[in-house]
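The values are calculated or read from the model by the stated rules, or taken from the named source; none is laboratory data. Because the structure is predicted, anything quoted here is derived from the model rather than measured. Glycine gets a Cβ as well: all are built from the backbone with ideal geometry, and neighbour counts include every protein chain shown.
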Amino acid sequence: MKKLKLLAGMFACVVFASGAFGDVLSLDDYINMIEKNNSDLISIQANIDAVQGKILEADRVYAAYFTAGASYTKDDSGRPFNPLAQTNEIQNTSYDASLSKLFGTGTKITLGFNGSRTFYDYTGFPNFDVTDLGPYIGLEQSLLQGLGGGATKAGVLKAQADARSALYLLEYKKQSVLLNARMAYWQLSYARTVVDFRKTSLDRTKKILDWNQRRFDMDLAEKADLLQAQAAYKMGDLNLRLAQQNEVQASRNFNGFLNSSDEKVMFDVQPFSEVGDNFTQADKELVKRGQRADVLSALEDVKSAEQAAIVSRKSIGQDLVLTGQYGLNGVDLDYAVARDYVLNGNKPSYTIGLRYTLPLDFSNRSAISKGYESAKISAEQAAKSAQIKESNDWLGLVSNWENAKERLGLSKQILGVQQNLVDENQRLLSKGRTTTYYVLQSEQSLDDSTLNVYQNILELVGIYEQANAFYNSSDIIK
């Protein structure tokens with residue numbers, strides 16, 4: 001019973017130690033601070049924002065474009081109008097504006113308007129002005145390379161796949177940083193718990209040492225018992241120092257994610273003795289909600305290689321381009337008359353054309369296409385390998401999770417047995433039916449069993465955090 005009270009006091013010491021360092025900082029608050037201040041995460045997020053812009057940039061090829069221009073010409077060269085007339089001066093003001101857009105089918109449509117006002121000064125003829133007005137609609141369609149989107153559409157899809165691949169890799173890197181940060185939090189909680197536990201254990205050993213010292217001084221105990229107690233106390237002191245050193249390292253890691261090199265943490269963290277209840281519940285299971293980001297990146301590389309092959313196949317061969325333009329024309333000395341020609345559609349014009357191109361480097365085309373196909377095969381095999389590795393890693397996590405829970409259950413059972421053994425040895429020692437050696441051995445075994453429970457809990461925490469970090473993000477890219 002006395003030993004049970006000591007053990008209860010040990011856990012109470014761990015729990016009530018919270019607040020000894022400062023304000024309690026929850027894991028979520030710690031991660032929020034890191035996301036706002038950690039240099040690595042800020043850099044990664046800036047890269048993510050930059051790459052997301054590239055995804056939008058790829059679509060700009062389909063954006064509507066407005067163009068406008070104007071020019072003024074004054075010609076005093078004196079060119080002859082006809083054998084009987086000589087120009088003294090020609091002044092021309094021209095202007096145009098158009099709105100064009102490329103569609104996903106590879107069709108480019110242009111709506112435009114051009115016009116001019118020209119003044120003629122002739123020798124032997126009256127001076128006059130001519131107004132020329134011409135709204136039009138134009139069409140251009142590649143019948144071989146661009147039909148259905150063709151090389152242009154494939155190029156856009158390739159650029160977007162490349163950007164998404166980069167985004168997934170950046171997200172994977174971000175997830176890794178956050179996972180390490182979360183584990184730094186738990187490692188500090190674990191290290192502080194071990195320090196508190198080692199202090200409690202050392203206090204218990206000190207009481208045994210003092211008890212043996214008094215008995216030895218009264219010639220009621222053998223010197224061997226005293227030496228055994230002294231050795232146990234020294235070992236307890238060494239274990240405490242090692243635990244304190246581990247706490248310093250854990251504190252540095254904790255502060256490192258907050259851009260600080262200080263070895264002292266100004267916050268308290270959740271006591272590790274409370275963590276076991278959260279991670280050992282019967283309904284606490286690993287759930288796979290999405291593919292790992294590095295696998296998603298590899299799959300995007302496959303899409304990029306496929307579209308690159310399409311771009312190559314479409315762009316290196318022959319092409320036949322259909323062009324057409326329909327316009328309404330108004331040309332007259334009188335602006336009002338020219339305008340009416342346009343409004344009434346009295347003087348339309350249209351043009352239809354075909355343009356054929358054929359690259360003559362026939363010997364290179366086959367080798368180029370083969371190269372792109374090889375790149376596609378390489379990307380497909382890399383993605384397949386990544387998927388297999390991810391599947392094996394997930395199965396490994398699930399297996400480790402189940403094994404760790406089983407080990408934790410056994411560790412708790414062992415802890416219970418060791419507790420009973422300590423209680424029994426304490427009872428026998430009080431009756432003089434055992435030695436200090438056996439009491440200290442049972443105390444050491446109890447310490448080892450307790451720490452083994454903590455280590456098993458830390459293992460469960462690590463497995464759960466890893467699964468949650470890498471397999472819980474099905475919609476990384478919105």
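Please tell me if L133 is of a type in the set (A, V, I, L, M), farther than 23 Å from A309 by Cα and out of contact with any helix residue (DSSP H, G or I) (no Cβ under 9 Å at 6 or more places or on another chain). No. Against the test of being without any contact (Cβ under 8 Å) to a residue 60 or more places away in the chain, within 30 Å of A293 (Cβ to Cβ) and of a type in the set (S, T, N, Q), the options S312, S391, S366 yield a single qualifying residue, S391. Restricting attention to the stretch 43-77, the residues that are among the hydrophobic types (A, V, I, L, M, F, W, C) and either surrounded by fewer than 11 Cβ atoms within 10 Å (Cβ to Cβ) or out of contact with any helix residue (DSSP H, G or I) (no Cβ under 8 Å at 6 or more places or on another chain) (or both) add up to 8.
Quick one: count up the residues across the stretch 311-340 that are in a helix (DSSP H, G or I) and surrounded by fewer than 19 Cβ atoms within 10 Å (Cβ to Cβ). Outline the logic, then answer.
Pass one, the stretch 311-340, residues in a helix (DSSP H, G or I): 311-315, 335-340.
Then drop every residue that is not surrounded by fewer than 19 Cβ atoms within 10 Å (Cβ to Cβ), which leaves 313, 315, 335-337, 339-340.
The qualifying residues number 7.
Yes or no, residue by residue, for (1) among the acidic types (D, E); (2) outside any helix (DSSP H, G or I); (3) modelled with pLDDT under 95; (4) not assigned by TED's automatic domain parsing to the domain that holds Q270:
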residue: Q141; (1), (2), (3), (4): no, yes, yes, yes
residue: G150; (1), (2), (3), (4): no, no, yes, yes
residue: Q160; (1), (2), (3), (4): no, no, yes, no
residue: R164; (1), (2), (3), (4): no, no, yes, no
residue: E171; (1), (2), (3), (4): yes, no, yes, no
residue: A181; (1), (2), (3), (4): no, no, no, no
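Is at least one residue of the stretch 250-266 buried (at least 21 other Cβ atoms within 10 Å of the Cβ), over 38 Å from the mean Cα position of the chain (by Cα) and not aromatic (F, W, Y)? Checked the stretch 250-266: no residue is buried (at least 21 other Cβ atoms within 10 Å of the Cβ), over 38 Å from the mean Cα position of the chain (by Cα) and not aromatic (F, W, Y). Pairing each residue of the stretch 407-418 that is farther than 11 Å from T450 by Cβ with any residue that is part of a helix (DSSP H, G or I) and among the aliphatic types (A, V, I, L, M), provided the two are 6+ apart or on different chains, yields C-beta distances under 8 Å for L408/V453; L408/I457; L408/L460. Can you find a residue that is of a type in the set (K, R), in a helix (DSSP H, G or I) and more than 30 Å from A224 (Cα to Cα) anywhere in the stretch 199-212? No, every residue in the stretch 199-212 fails to be of a type in the set (K, R), in a helix (DSSP H, G or I) and more than 30 Å from A224 (Cα to Cα).
Within the stretch 362-406, the set of residues being surrounded by 17 or more Cβ atoms within 10 Å (Cβ to Cβ), modelled with pLDDT of 90 or more and under 21 Å from N456 (Cβ atoms) comprises L397, N400, W401, A404.
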